[in-house]
Amino acid sequence: MKDNGFLNLNHPALVAARVAALDSERSRLERDYKGKAVTPSERMARAKQLRKDKPLREFISIRVRWLERSLGKAK
């Protein structure tokens, strides 16, 4: 197989996996907080915990990035 220098990170399978990872984080927040707003400190704590997990979960960086970007947003 020839390496053309591209990672092909937008391959449909990888895009779908990233979407699934974010969906699982959203579902976890909805389940754990049942309609209540999730505070920025709670989101930051979750992001911190995700970074500590051993072994790291798949697509950890997209999960952490989403949590950090949503710090100022409720729910």
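The values are calculated or read from the model by the stated rules, or taken from the named source; none is laboratory data. Nothing here was measured: the structure is a model prediction, and the numbers come from that model. A quick note on method: Cβ atoms are made from the backbone with ideal geometry, for glycine too, and the neighbour counts reach across all protein chains shown. All accessible areas refer to the heavy atoms of the entire protein, side chains included, with ligands and DNA or RNA removed. Shrake-Rupley method; radii C 1.70, N 1.55, O 1.52, S 1.80 Å.
Among the residues in the range 11-18, are any at pLDDT 90 or above and open to solvent by less than 50 Å² (accessible area, probe 1.4 Å)? Among the residues of the range 11-18, at least one is at pLDDT 90 or above and open to solvent by less than 50 Å² (accessible area, probe 1.4 Å), which makes the answer yes. Within the range 36-53, residues that are under 15 Å from Glu25 (Cα atoms) sit with their Cβ atoms under 6 Å from residues that are in a helix (DSSP H, G or I) and among the basic types (Lys, Arg), at 6+ positions apart or across chains, in these pairs: Leu50/Arg63. Considering only the range 19-45, state which residues are in contact with a Lys or Arg (Cβ under 6 Å, 6 or more places away or on another chain), surrounded by 13 or more Cβ atoms within 10 Å (Cβ to Cβ) and of a type in the set (A, V, I, L, M). Result: Ala21, single match.
Taking the residues in the range 29-75 that are of a type in the set (Gly, Ala, Ser) and outside any helix (DSSP H, G or I) as candidates, determine which candidate is modelled with the highest pLDDT.
First, pick out the residues of the range 29-75 that are of a type in the set (Gly, Ala, Ser): 35, 37, 41, 45, 47, 61, 70, 72, 74.
Imposing the further condition that a residue be outside any helix (DSSP H, G or I) reduces the set to 35, 37, 70, 72, 74.
Numbers: Gly35: 84, Ala37: 89, Ser70: 85, Gly72: 67, Ala74: 54.
The selected residue is Ala37.
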